[in-house]
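Every number here is computed from the coordinates shown, using simple stated rules; none is lab data. From a predicted model like this one, the values you see are computed outputs, not experimental measurements.
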Amino acid sequence: MCGLGIKERNFYEKNKRNDMVDKNKEAIRIEVDHTKVDDRGPLDLTRQVDETDKRIKELDNSLSIALEINDKFQRENKKLTDKVRKAEAMRRPLDTMDEIAYRELEKENKDLRTSIGHRIGRVEELNTSLAEALAIDEAHQKQMGKLQVRLTEVEEDNKKLAKQIENQSKYVQSLRDKGVI
């Protein structure tokens, strides 16, 4: 700009202001379009926070389901154990009809014991899944804490930048008021 005359300088600065206005309009248009399409990148903190919140909700739901199933199996296990105890308590000397009923009860008792064994295995699987879900939840809680700290830092940086822009705008306006620009 050093070798420019007054007319060329005014023309140059006018074009510069028009370019800034065009860029602001474009930024506003992009911001409006952002509400229609999620164009946040995979490193965007707000997107990561949203995804982590969604994952935590999914894990909470899975945990609730696992706990409900576990409770159901424990109730059934108790009922089956009570039936086995009753069947074992009923052992006594038998006559022919009682022997047939006894064999049927023994078969049912064996089936119940097998069923209980399967259910105990399932409860152990669910307890393992629950422990894994709790570990994942804890890891996500830690990650959320780190993301929150980073988000706070970014917000503070944005405030500082906004203040700098405001100061620069005041400086440019003061130069305009003095007639330098």
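What do you get when you divide the Cα radius of gyration of segment 45-175 by 2.2 N^0.38 Å, with N the number of residues? Please report the intermediate quantities before stating the final value.
On the way: Rg = 31.2 Å, N = 131, 2.2 N^0.38 = 14.0 Å.
For segment 45-175, the normalised Cα radius of gyration is 2.23.
At 0.36 nm per residue, minus the direct Cα-Cα distance, what do Val172 and Leu147 gain on full extension? Give it in nm, one decimal, please.
5.3 nm
Which entries in the list Lys54/Lys142; Lys54/Lys159; Lys57/Lys146; Lys54/Lys163; Lys78/Lys107 go over 24 Å, if you measure between the two C-alpha atoms of each? Over 24 Å Cα-Cα: Lys54/Lys159; Lys54/Lys163. Look at where the Cα atoms of segment 61-120 and of segment 167-181 average out, and the two centres are 89 Å apart.
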